[in-house]
Amino acid sequence: MNRIAYTKPSITELEVRYATDAVTTGWGERCYEYIGKFEHAFRSHLGVKHAIATSSCTGALHMGLSALGIGRGDEVILADINWIASVAPVTYLGATPVFADILPDSWCLDPEKVEAAITPRTKAIIAVHLYGNLCDMDALLEIGERHGIPVIEDAAEAIGSSWGSVRAGSRGAFAAFSFHGTKTVTTGEGGMFVTNDDTLYETVLTLSNHGRSRQQTKQFWPDMIGYKYKMSNVQAAIGLAQMERIQDLIDGKRRVFNLYSRHLGGLPVAMNPEPPGTTNGYWMPTIIVDDSVGFDRDKLLTDFKANAIDGRIYFWPLSMLPHFPSTQNNVARRLYARGVNLPTYHDLTDDDVIRVTNIVKAHLTRESGA
Ligand SMILES: *Cc1c(COP(=O)(O)O)cnc(C)c1O
């Protein structure tokens, strides 16, 4: 029985060829060539003015928040259910995260709860498009505009997600992407900062190079204390190949999700939504088992394990972690224990999907009968 990983990258001869070229020739004067090409390809795909390749999405968020001037005493609102990477940079800057509840259908920020959480100290809203699902950006941007607060997109999980032809990550004050090995586009480790704001771009560009401005003619002269979150040329070569295959990579994610959706039809579960007029990149096919049915998440994961299938639990509400004050967000607290991510990768076969869904089916039938 082949082991079904929860996710893995799709690497072809193209990635191997570009990486080999970068490691062979991409030094000295040519040490930024693939970085420039990768940034250009990403910018064109997304339809944004500026892109800066980084060593991680966490680093891109850290620099963007820093460039917005966020620091001690400031508050940043984000959804309670999130991976730690979305909030960690807020704490690096000494600012205070404020966790708002999520919507039961999109699993993303509830705009009403965001508005209720705004105080004179609120300096940013981070909209995370969870598992590929789109945040209600119209509402969030309207709230941000009315209160003079920038809305940032953490689009690490939203490659391939869009409103019509407008891609996730192209609407916020800035957005951050991840190319970690589990993401739809990968460079092993890596990220991207994108923005349409010229000033923000210049500031982050300077910050990203140890505070050395492009205009600075003195050697080794930092204009400010910056960061070191740069991507290497070899990683960018892999990224460029992935961008040349981007539609294929997105189609792969959508194929797998649609198979799950077909085989799990009729069961008491909700899956990633795709509202009319939008496209979901379906980074992580996820089931939330209905409240009406008994569900033991750990038992399902044990069943998976016995069948060489790798499942993942839904993210914890961040307000349940000991590092943050506890906040009673009812929807987040109700949902997280009923959610499981199903395996998804480019080469996952129809038979693999059926192996997974048969276990989910058996489990839910057993549970609802109990
Ligand atoms: C993966 C992920 C990150 C972190 O990305 P890194 O490249 O590992 O820093 C941040 N936010 C979200 C929503 C993610 O899924």
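The values are calculated or read from the model by the stated rules, or taken from the named source; none is laboratory data. Keep in mind that this is a model prediction, so the values were computed, not measured. Note: ideal-geometry Cβ built from the backbone for every residue, glycine included; neighbour counts use all protein chains shown.
Go through Ala236, Ala175 for me and flag whichever is surrounded by 24 or more Cβ atoms within 10 Å (Cβ to Cβ) and closer than 30 Å to Pro275 by Cβ.
Ala175
Those residues that are closer than 19 Å to Tyr201 by Cα and among the aliphatic types (A, V, I, L, M), I need them from segment 59-89; list them, please.
Listed by number, the residues that qualify are Ala60, Leu61, Met63, Leu65, Ala67, Leu68, Ile70.
Here is a list of conditions, (1) closer than 19 Å to Leu93 by Cβ; (2) more than 16 Å from the ligand (Cβ to nearest atom); (3) modelled with pLDDT of 95 or more, and Met224 meets all of them except one; can you say which number that is?
(3)
Can you name every residue in segment 137-157 that is hydrophobic (A, V, I, L, M, F, W, C) and within 15 Å of the chain's Cα centre (by Cα)?
Ile152, Ala155, Ala156
Among the residues in segment 291-306, are any at pLDDT 95 or above and in a loop (DSSP other than H, G, I, E, B)?
no
Inside segment 262-292, can you point out the residues that are buried (at least 16 other Cβ atoms within 10 Å of the Cβ), of a type outside the set (A, V, I, L, M, F, W, C) and within 22 Å of Lys183 (Cα to Cα)?
Result: Asn272, Glu274, Thr279, Asn280, Gly281, Tyr282, Pro285, Thr286.
Thr182 fails exactly one of the following numbered conditions: (1) among the polar types (S, T, N, Q); (2) part of a helix (DSSP H, G or I); (3) surrounded by fewer than 23 Cβ atoms within 10 Å (Cβ to Cβ); (4) within 16 Å of the ligand (Cβ to nearest atom). What is the number of that condition?
(2)
Can you tell me which residue is surrounded by the most Cβ atoms within 10 Å (Cβ to Cβ) among those in segment 298-332 that are β-branched (Val, Ile, Thr) and touching a residue at least 24 places away in the same chain (Cβ under 8 Å)?
As a first pass, look at segment 298-332 and keep what is β-branched (Val, Ile, Thr): 302, 309, 313, 327, 331.
Keeping just the survivors that are touching a residue at least 24 places away in the same chain (Cβ under 8 Å) gives 309, 313, 327, 331.
Details: Ile309: 21, Ile313: 14, Thr327: 18, Val331: 19.
Out of the qualifying residues, it is Ile309.
Please list, ordered by first then second residue, the pairs with beta carbon atoms under 8 Å, 6 or more apart or interchain, first in segment 179-202 and at pLDDT 95 or above, second near the ligand (Cβ under 9 Å from one of its atoms) and β-branched (Val, Ile, Thr).
Short answer, once both residue conditions are applied: Gly190/Thr54; Gly191/Thr54; Gly191/Thr58; Met192/Thr54; Phe193/Thr54.
Of the conditions (1) among the hydrophobic types (A, V, I, L, M, F, W, C); (2) farther than 20 Å from Pro9 by Cβ; (3) buried (at least 24 other Cβ atoms within 10 Å of the Cβ), Trp163 fails just one. Which one is it?
That leaves (3) as the condition not met.
Can you pull out the residues in segment 73-86 that are near the ligand (Cβ under 9 Å from one of its atoms) and buried (at least 23 other Cβ atoms within 10 Å of the Cβ)?
Passing the criteria: Asn82, Ser86.
For segment 81-128, give me each residue that is out of contact with any helix residue (DSSP H, G or I) (no Cβ under 7 Å at 6 or more places or on another chain) and on the phi > 0 side of the Ramachandran plot.
Gly94 - this is the single residue of segment 81-128 that is out of contact with any helix residue (DSSP H, G or I) (no Cβ under 7 Å at 6 or more places or on another chain) and on the phi > 0 side of the Ramachandran plot.
Sort out which residues of segment 239-276 are free of Cβ contacts under 8 Å to residues at least 60 places away in the same chain and of a type outside the set (D, E, K, R), and write them in order of number.
Hits for segment 239-276 are Gln247, Asn258, Ser261, Gly265, Gly266, Met271, Pro276.
What number of residues in segment 209-239 are within 23 Å of the chain's Cα centre (by Cα), among the hydrophobic types (A, V, I, L, M, F, W, C) and not in a helix (DSSP H, G or I)? Steps first, answer last, please.
Going through segment 209-239, the residues within 23 Å of the chain's Cα centre (by Cα) turn out to be 227-239.
Adding the requirement that they be among the hydrophobic types (A, V, I, L, M, F, W, C) leaves 231, 234, 236-238.
From what is left, the residues that are not in a helix (DSSP H, G or I) are 231.
Residues in segment 209-239 being within 23 Å of the chain's Cα centre (by Cα), among the hydrophobic types (A, V, I, L, M, F, W, C) and not in a helix (DSSP H, G or I): 1 in total.
Of all residues being near the ligand (Cβ under 10 Å from one of its atoms) and in a helix (DSSP H, G or I) in segment 114-131, which is nearest to Lys183 (Cα to Cα)? Just the residue, please.
Taking the candidates together, the pick is Tyr131.
List the helices (runs of 4 or more DSSP H) inside segment 3-72, counting only whole elements, that have at least 3 residues being away from the ligand (no atom under 16 Å from the Cβ).
On the way: elements: 13-25, 33-46, 57-67.
By residue number, 13-25, 33-46.
Mind listing whichever residues of segment 73-90 are out of contact with any strand residue (DSSP E or B) (no Cβ under 7 Å at 6 or more places or on another chain) and not small (Gly, Ala, Ser)?
Of everything in segment 73-90, those that are out of contact with any strand residue (DSSP E or B) (no Cβ under 7 Å at 6 or more places or on another chain) and not small (Gly, Ala, Ser) turn out to be Trp83, Ile84, Pro89.
Considering each residue of segment 74-99, count those that are among the small types (Gly, Ala, Ser) and within 11 Å of Thr122 (Cβ to Cβ), and give that number.
Number satisfying all stated conditions: 1.
May I ask you to list the residues in segment 152-166 that are within 15 Å of the ligand (Cβ to nearest atom) and not small (Gly, Ala, Ser)?
Taking segment 152-166 as the starting set, the residues that turn out to be within 15 Å of the ligand (Cβ to nearest atom) are 152-161.
Listed by number, the residues that qualify are Ile152, Glu153, Asp154, Glu157, Ile159.
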